[in-house]
Amino acid sequence: MGSSSRGWIRASLAWSGVAAVTIVPVGIAAFSPYLPSRNMPYIIGGFAGIVGLSLLFVQPLLPAGYLAGSEGPAGRRWHRWLGGTIVVTVALHVGGLYLASPDDTVDALLLVSPTPFSVYGVTAMWGVVATAVLVLSRRRLGLRYSVWRLIHNGLAAIVVFATVIHALQIEGAMEPVSKWMLCLAALAATGVVLLDLRVVRPFRALRKPSMD
């Protein structure tokens with residue numbers, strides 16, 4: 001078997017694994033016994049949240065170039081597009097829940113809800129909003145790229161951590177085992193990529209002998 005064939009197999013396995021981690025929890029949730037008792041806005045809002053959580057697993061893998069086709073500028077471009085999609089899922093999540101239960105949603109947004117998971121959900125939401133503003137205002141802010149990147153990475157870590165805690169505390173459509181699998185995968189992907197991009201690769205670059 002040639003190197004190109006082995007590379008194609010590795011790439012296929014990697015993408016298949018990512019697809020399984022992201023799609024399986026959504027598919028299982030679609031057959032949840034909770035759904036028949038819920039109205040359509042609640043279902044749309046809930047599944048927007050599940051899809052958003054799934055995308056948080058994929059999002060850090062793209063700029064790191066871990067997946068075939070995501071190397072270099074292509075990965076960063078897909079990272080930006082996926083970031084925009086995550087913003088949309090958050091808007092649908094909050095909007096759907098508001099239409100389903102306005103009072104409960106407003107209480108959650110005002111941090112007066114008795115449910116503990118709402119605090120983490122609101123934290124994640126504002127983290128996503130702050131990230132979107134940071135990306136769109138990058139040139140206007142006049143920040144050095146290293147500073148901008150540090151803030152961006154910090155917000156990403158907050159969003160993922162808060163989203164995972166939010167999801168794990170909710171007893172809803174998501175099946176527990178697949179939910180834990182997805183949450184751990186999102187945490188692991190974020191942690192590994194941040195460590196790789198901000199510690200390992202810069203350290204290796206410093207250790208490379210000068211070409212001059």
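The values are calculated or read from the model by the stated rules, or taken from the named source; none is laboratory data. A quick note: this is a predicted structure, and the numbers were derived from the prediction, not measured. Cβ placement follows ideal geometry from the backbone for every residue including glycine, while neighbour counts extend to all protein chains displayed.
Evaluate the stretch 44-62: report whether one residue or more is part of a helix (DSSP H, G or I), in contact (Cβ under 8 Å) with a residue 60 or more places away in the chain and over 18 Å from the mean Cα position of the chain (by Cα). Among the residues of the stretch 44-62, not one is part of a helix (DSSP H, G or I), in contact (Cβ under 8 Å) with a residue 60 or more places away in the chain and over 18 Å from the mean Cα position of the chain (by Cα), which makes the answer no.
Among helices (runs of 4 or more DSSP H) entirely within the stretch 77-192, having at least 3 residues that are surrounded by 20 or more Cβ atoms within 10 Å (Cβ to Cβ) and in contact with a helix residue (DSSP H, G or I) (Cβ under 7 Å, 6 or more places away or on another chain) singles out 117-136, 145-169.
Going residue by residue through the stretch 46-63, is there one that turns out to be more than 22 Å from I165 (Cα to Cα), at pLDDT below 95 and not charged (D, E, K, R)?
Residues of the stretch 46-63 more than 22 Å from I165 (Cα to Cα): 62-63.
Still in the running and at pLDDT below 95: 62-63.
Among the residues that remain, those that are also not charged (D, E, K, R) are: 62-63.
Checked the stretch 46-63: at least one residue is more than 22 Å from I165 (Cα to Cα), at pLDDT below 95 and not charged (D, E, K, R).
Out of curiosity, is G83 closer than 20 Å to K179 by Cβ, within 11 Å of the chain's Cα centre (by Cα) and of a type in the set (G, A, S)? Answer is no for this residue. Take the conditions part of a loop (DSSP other than H, G, I, E, B) and under 18 Å from the mean Cα position of the chain (by Cα) and apply them to Y66. Does it pass? In short, yes.
Residues considered: V135, V147. Of these, the only one that is within 17 Å of the chain's Cα centre (by Cα) and modelled with pLDDT under 95 is V135.
For the stretch 34-41, does any single residue satisfy the condition of being modelled with pLDDT under 95, over 26 Å from S178 (Cβ atoms), part of a helix (DSSP H, G or I) and not acidic (D, E)? No, because not a single residue in the stretch 34-41 is modelled with pLDDT under 95, over 26 Å from S178 (Cβ atoms), part of a helix (DSSP H, G or I) and not acidic (D, E).
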